Amino acid sequence: MDVSALSMAGEAEASARIEIYNRYVEQATGPVERLRREIEVLVFESGRRKKIAESQARKVRTSVGSPRADAILIQSISGIVGAVDVPRPPRRAPALAVWSALWGLRFHTDMNSDRLGMFWWLVEPLLHVILITFATLLLHGGEVFDMPAFPFAVIGVIVWLTFRTTFLAALAGPGALVHLIDHPDVSRFDVIVGTSVKGVIVNSCIGIVMLGGCVAAGVTRLPENPLMFAGALASTAALGLGSGLIAYHASLYYPGLRKIYVMILRIIATFSGLFFVSEQVPGEYAAYVLWNPILHLSQFARSGWFYTYDSTDASFVYVFSCLCATLAIGFGCAVMNRRARARHGEYA
């Protein structure tokens, strides 16, 4: 009887709390305010559940810890090591399934938050492509190193925007989707990857549409090596993700670095092959611009598309080494950040 009474009281308390939450969210004046209030409710409720779980864990720690320790000690003395069935955390959903779901959620969130959601998704990268393309036409005219200037510029800006988008996604963190970290199958890294996928898909779609228009107009032909072209874009996205994770970790020690990153991105963009290829640069200066791995990836992408261009300066070994080192350091920073948040009692 006491148990049923306690259960009914708990259900009544939960129903009253949910009703208060719903009323608080419905009183929002707009979609942005509504999203902010939903996040506040989720953060408050997750903190409340965490405190309850901690208090319950303290109560049962003495009752379950001692027998388990005794069992491990007895089996260790007997020479049976590892026979104790250590409880494991619940199995997470496959990473690809989680990232796909986050991509879909981000897409629907952006589309439903504004009537012009699709327009804002496409307008920024499209403006970048148009501006840099026309600047290239003004600088070089009809051809750049035996390549048509318009598709030449489109490929260069798509490669650069892919790096920039994934870098900023890793640097910014979960953003408006931070409340999803409360889900047991979702981590901060999953949200970052889901956000990065948005930029890769949008930039790739814009590039394919514009290059397809060039093919239809007879300005250029279909890619000579599609796998090289796609691999260069994928490697650029991975390079941006790893660099963004490193930049985020460094900004934890000095937040002012976020302002410096904007200037660094502009410098990198200048030497990333938007308006030139390294074969056009005089020999004494080419060695300096080739330190930029994005320039190598841009030239690999152009080599994969154009029949008239095969880069002699782009180095697969250099790009592979930079990619492996960046991802290794970036994932290491992500692990350290996760452990630091766990020590402070935050969701990883």
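The values are calculated or read from the model by the stated rules, or taken from the named source; none is laboratory data. Here the structure is a predicted model, which is why all the values come from computation and not from measurement. Using ideal geometry, Cβ is built from the backbone for each residue, glycine included, and neighbour counts are taken over all protein chains shown. These area figures cover heavy atoms from the full protein model, side chains too; ligands, DNA and RNA do not enter into them. Shrake-Rupley method; radii C 1.70, N 1.55, O 1.52, S 1.80 Å.
Within the stretch 101-122, take every residue that is touching a Pro at 6+ places or on another chain (Cβ under 9 Å) and either open to solvent by less than 60 Å² (accessible area, probe 1.4 Å) or in a helix (DSSP H, G or I) (or both) and give me the one that is modelled with the highest pLDDT. Lay out the reasoning, then the answer.
Initially, the stretch 101-122 is screened for residues touching a Pro at 6+ places or on another chain (Cβ under 9 Å), giving 112-114.
Those left that are additionally either open to solvent by less than 60 Å² (accessible area, probe 1.4 Å) or in a helix (DSSP H, G or I) (or both): 112-113.
On the way: N112: 68, S113: 65.
Checked the stretch 101-122; the qualifying residue modelled with the highest pLDDT is N112.
Yes/no per residue for (1) touching a Lys or Arg at 6+ places or on another chain (Cβ under 8 Å); (2) free of Cβ contacts under 8 Å to residues at least 12 places away in the same chain; (3) over 19 Å from A149 (Cβ atoms); (4) among the charged types (D, E, K, R):
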position	(1), (2), (3), (4)
V202	no, no, yes, no
V209	no, yes, no, no
A217	no, yes, no, no
T220	no, no, no, no
G231	no, no, yes, no
I246	no, no, yes, no
L252	no, no, yes, no
Practice task
Give me a count of the residues in the stretch 282-334 that are closer than 30 Å to V219 by Cβ, of a type in the set (A, V, I, L, M) and free of Cβ contacts under 8 Å to residues at least 60 places away in the same chain.
Solution key: 5
Fill in the blank from the handout: Within the stretch 248-275, residues being open to solvent by 70 Å² or more (accessible area, probe 1.4 Å) and outside any helix (DSSP H, G or I) number 3
Exercise for the section: Any chance you could count how many residues in the stretch 289-312 are farther than 10 Å from V159 by Cα and of a type in the set (A, V, I, L, M)? Expected result: 2
Handout entry: Top-ranked residue in the stretch 21-46 [being at pLDDT 75 or above and of a type in the set (A, V, I, L, M); ranked as surrounded by the fewest Cβ atoms within 10 Å (Cβ to Cβ)]
Key = A28
Handout entry: Complete set of residues in the stretch 276-301 that are under 25 Å from L171 (Cα atoms) and either open to solvent by 70 Å² or more (accessible area, probe 1.4 Å) or of a type in the set (G, A, S) (or both)
Key = W291, S298
Practice task
Filter the stretch 130-147 down to residues that are of a type in the set (G, A, S) and without any contact (Cβ under 8 Å) to a residue 24 or more places away in the chain and give me whichever is most open to solvent (accessible area, probe 1.4 Å).
Solution key: G142
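Yes or no, residue by residue, for (1) assigned to a helix (DSSP H, G or I); (2) open to solvent by 30 Å² or more (accessible area, probe 1.4 Å); (3) modelled with pLDDT of 90 or more:
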| site | (1), (2), (3) |
| --- | --- |
| D185 | no, yes, no |
| V200 | yes, yes, no |
| R221 | no, yes, yes |
| I246 | yes, yes, yes |
